[in-house]
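The values are calculated or read from the model by the stated rules, or taken from the named source; none is laboratory data. Keep in mind that this is a model prediction, so the values were computed, not measured. Note that we place each Cβ from the backbone using ideal geometry, even for glycine, and neighbour counts take in every protein chain shown. For accessibility, only protein heavy atoms count, side chains too; no ligands or nucleic acids. Shrake-Rupley method; radii C 1.70, N 1.55, O 1.52, S 1.80 Å.
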Amino acid sequence: MSLLQVQEVTMRFGGLIAVNDLSLEIGRGQILGLIGPNGAGKSTAFNCVAGLYKPTEGRILFDGEDVTGQKPWDLCKKGLARTFQIVKPFQSMTVLDNVTVGAFAVTDHRDEARDRAMEVLRLLGMGGKGRALPGSLTIADRKRLEIARALATDPKLLLLDEVMAGLRPTEVDEMIDIIRALRERGMTIFVIEHIMRAIMALSDEIVVIHFGQKICRGKPEQVARDENVIKAYLGENYGTA
Amino acid sequence: MTQQEFKRNCLIAVTLAAFALPLVVRSATYLHILIILYLYAYMTTTWNLVGGFAGVLPLGHSVFVGIGAYTSTILWLQYGISPWIGMLVGAVLAAGVGYLIGKPTLKMRGAYFALSTMAFVEGIRVMVENIDMLGPLKLNGPRGLNIPPLQMGEGSFWAFQFSSKEPYYYIILTMLVAVLAMTSAISRSKMGYYLKSGGEDPDAAQALGVNVARYKVAAMVISSFLTALAGTFLAQLTLFIYPKSVLTLDLSFELAFIALIGGRGSIAGPIIGALLLRPVTEFSRIYFSATLPGLHLIILGVVLIVVMLYQPRGLTEPLLRIFDKVAARFAPALPDTPDTPDTPDTPDSPDSPNSPDSPNLPDTPDAPAGPDTQGTPAAPGATASASPREERP
């Protein structure tokens, strides 16, 4: 059975339909990519899954349970963690403390939480940066901190919202390695990404949405050849020109 | 002696000195000034639980002082119940009111919360000023309540009245030390982390499993409970309370001023703030209360502006940095505290994919802070002062 099922979810903001009748599911241990042109509704779909928005219509099942409209903190305790497209570190707290906040989802004891946070930081190659303040980190490290905090909550499903945006090519490669390593450890991952090279390399399957609607789903190679996808990205006249 | 131990010893020494102070300071006037100073440090510390840790700006904490003062006084005057018991009753009552105020208002962000707490104080003050009898309870409106002193020269623990200043001094000092120990424990606990993260970025905190609103309300309940205890103390110290003395915005503002100038969200902030600012208030009241009443609030406002311009996180931070240097001078032995687990991680900290870190600066629009030398294992002590919470004993 799939870990996450999104069933016919529609999200309206007033008259604007940001996500329209979207259905998808993610199997355990899978990496699913979600792509689409700017404003296609990717982040809105994500926010519905993560509990930030309650979908206007449709249902979201996580681990077999209907979690539609549940609050982010409850979803987090159930094993659903996310990162934010615009990183949101706690600026006055050290890197280690930032991650410790996440680790408190698993334990109530400070020492255990700190140990766990340290472990996660090492896993992401940030072991030496525990005492730094987020403001002193590079953008690549801030993105990693974002992932570290989410990982510390011990999620079953990790939602990554454009964790590679703004990174240099070598850093993108490092991030791909990190995400692959997480999958090796049995994590299920749902990725939004704009960097095609990365999403093609990572995803088992890709869902493409355009104007809030799913226009294609398939293996990366299939998606890359799909006519609708090419049109959505490059315009109607691309084929004829 | 490690730095950690040195700092702890300093703290113990200061505490002992504070307890021994009445042996040296015999003047009742000076003791009274110290008592008031501790009282403000106490109230600001309890304010800090909400205003500092939870990252909101409550401007109505005098409500809880007032509830504490009125409850214990009414119970003593009308029913002969010891103020010690009244103190607890008032605190429980205040906690309830804190819950009722906090539940709807703590969902608001920024200035809206501050404004609504101000509205509560003013509303309650106007009510108390206009009510003589509340059912069987005598509030006595704007004239306030007078606690008749016991026989001259007589003190009684049961009546919470003492003939000399020393008992008051020890009571408030004990309360202060206890509440400091408590906030320090909270700041290191899950609750402390949750409050702080929720105060800084609610969305991010919620995504990490923090029910931000619930933790803020919990902090508000604890804070109002503890603040009300100070209200009873104040009533027993002055033996006269009236709406304008315990239910005013002046008091609420002053607590916020002390916390903001001292250092919001830090344990030492309220102490340092009270030490620096209470004398200003005292002297401006002594010398200018006739000609320029309220001058102290103007001075505090100016100080606040200057501090916010140059030390936006309060005066505690630079002072602690100096203290860290002194501590390093006396106990330079170990570079780091033993309880931070990040030094011995050399085995797997070749920071696997992280090596090409240094040529990072030009194309990272988000990181004007420059090269990230800080985290490299070579400089474990470089950021010692970066986390004030960790350093404090």
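Remarks
- Between B:GLY68, B:GLY80, B:GLY55, the distinction of being out of contact with any strand residue (DSSP E or B) (no Cβ under 9 Å at 6 or more places or on another chain) and without any contact (Cβ under 8 Å) to a residue 40 or more places away in the chain belongs to B:GLY80 only.
- Count - residues of the range B:261-285 that are part of a helix (DSSP H, G or I), in contact with a Ser or Thr (Cβ under 7 Å, 6 or more places away or on another chain) and in contact (Cβ under 8 Å) with a residue 60 or more places away in the chain: 5
- Within the range B:120-153, the set of residues being surrounded by 14 or more Cβ atoms within 10 Å (Cβ to Cβ) and of a type in the set (Gly, Ala, Ser) comprises B:GLY141, B:GLY144.
- If you filter the range A:129-164 down to residues that are of a type in the set (Lys, Arg) and in a helix (DSSP H, G or I), you find that the one that is nearest to the other protein chains (Cβ to nearest Cβ) is A:LYS129.
- Criterion applied to A:ILE179, A:ILE206, A:ILE192 was being in contact with an Asp or Glu (Cβ under 7 Å, 6 or more places away or on another chain) and touching a residue at least 40 places away in the same chain (Cβ under 8 Å), and the one residue passing it is A:ILE192.
- Single unsatisfied condition, A:VAL99 versus (1) at pLDDT below 95; (2) closer than 20 Å to A:LEU145 by Cα: (1)
- Residue match in the range B:1-17 (condition: among the charged types (D, E, K, R), open to solvent by less than 40 Å² (accessible area, probe 1.4 Å) and within 22 Å of the chain's Cα centre (by Cα)): yes
- Qualifying residue in the range B:134-152 (condition: part of a helix (DSSP H, G or I) and of a type in the set (A, V, I, L, M, F, W, C)): no
- Selected residue (criterion: least open to solvent (accessible area, probe 1.4 Å)) from residues of the range B:286-313 that are farther than 22 Å from B:GLY52 by Cβ and not in a helix (DSSP H, G or I): B:GLY294
- When we screen A:LEU61, A:LEU75 for residues that are surrounded by fewer than 23 Cβ atoms within 10 Å (Cβ to Cβ) and of a type outside the set (Asp, Glu), the only hit is A:LEU61.
- Single unsatisfied condition, B:THR44 versus (1) under 27 Å from B:SER164 (Cα atoms); (2) touching a Leu at 6+ places or on another chain (Cβ under 7 Å); (3) free of Cβ contacts under 8 Å to residues at least 60 places away in the same chain: (3)
- Subset of the range B:189-198 [more than 7 Å from chain A (Cβ to nearest Cβ) and open to solvent by 30 Å² or more (accessible area, probe 1.4 Å)]: B:MET191
- B:THR316 farther than 22 Å from B:LEU180 by Cα, open to solvent by less than 30 Å² (accessible area, probe 1.4 Å) and either of a type in the set (Lys, Arg) or touching a helix residue (DSSP H, G or I) at 6+ places or on another chain (Cβ under 7 Å) (or both): no
- When we screen A:ASP63, A:ASP108, A:ASP74, A:ASP97 for residues that are of a type in the set (Asp, Glu) and on the phi > 0 side of the Ramachandran plot, the only hit is A:ASP63.
- Unique residue being of a type outside the set (Val, Ile, Thr), touching a residue at least 60 places away in the same chain (Cβ under 8 Å) and within 12 Å of another protein chain (Cβ to nearest Cβ) when the list is A:GLY102, A:GLY79: A:GLY79
- Selected residue (only one of B:SER245, B:SER223 is open to solvent by less than 20 Å² (accessible area, probe 1.4 Å) and either part of a helix (DSSP H, G or I) or out of contact with any Lys or Arg (no Cβ under 6 Å at 6 or more places or on another chain) (or both)): B:SER223
- Hits in the range A:11-47 - residues which are part of a strand (DSSP E or B) and open to solvent by less than 10 Å² (accessible area, probe 1.4 Å): A:VAL19, A:LEU22, A:LEU24, A:ILE26, A:ILE31, A:LEU32, A:GLY33, A:LEU34, A:ILE35
- Top-ranked residue of the range B:175-188 - restricted to ones that are within 15 Å of the chain's Cα centre (by Cα) and either within 14 Å of chain A (Cβ to nearest Cβ) or among the hydroxyl-bearing types (Ser, Thr, Tyr) (or both), ranked as surrounded by the fewest Cβ atoms within 10 Å (Cβ to Cβ): B:ALA185
- Among residues of the range A:82-96 being facing another protein chain (nearest Cβ under 7 Å) and either in a helix (DSSP H, G or I) or not aliphatic (A, V, I, L, M) (or both), the one that is most open to solvent (accessible area, probe 1.4 Å) is A:GLN91.
- Looking at B:ALA207, B:ALA185, just one residue is touching a strand residue (DSSP E or B) at 6+ places or on another chain (Cβ under 8 Å) and within 30 Å of A:ALA148 (Cβ to Cβ), and that residue is B:ALA207.
- Among (1) touching a residue at least 24 places away in the same chain (Cβ under 8 Å); (2) open to solvent by 40 Å² or more (accessible area, probe 1.4 Å); (3) among the β-branched types (Val, Ile, Thr), the one test that B:THR73 misses: (2)
- So B:ASP203, is it modelled with pLDDT of 90 or more and open to solvent by 40 Å² or more (accessible area, probe 1.4 Å): yes
- Being open to solvent by less than 50 Å² (accessible area, probe 1.4 Å), among the β-branched types (Val, Ile, Thr) and within 30 Å of B:GLY198 (Cα to Cα) holds for only one residue in B:VAL56, B:VAL25, and it is B:VAL56.
- Pair list, Cβ < 6 Å and 6+ apart or interchain, from the range A:151-172 residues that are among the hydroxyl-bearing types (Ser, Thr, Tyr) to residues that are assigned to a helix (DSSP H, G or I) and open to solvent by less than 10 Å² (accessible area, probe 1.4 Å): A:THR153/A:CYS76; A:THR153/A:GLY102
- Among (1) in a helix (DSSP H, G or I); (2) of a type outside the set (S, T, N, Q); (3) over 20 Å from A:PRO155 (Cα atoms) - the single one A:GLU112 does not satisfy: (3)
- For the range A:112-124, filtered to residues that are more than 8 Å from chain B (Cβ to nearest Cβ) and open to solvent by 30 Å² or more (accessible area, probe 1.4 Å), the residue that is farthest from the chain's Cα centre (by Cα) is A:GLU112.
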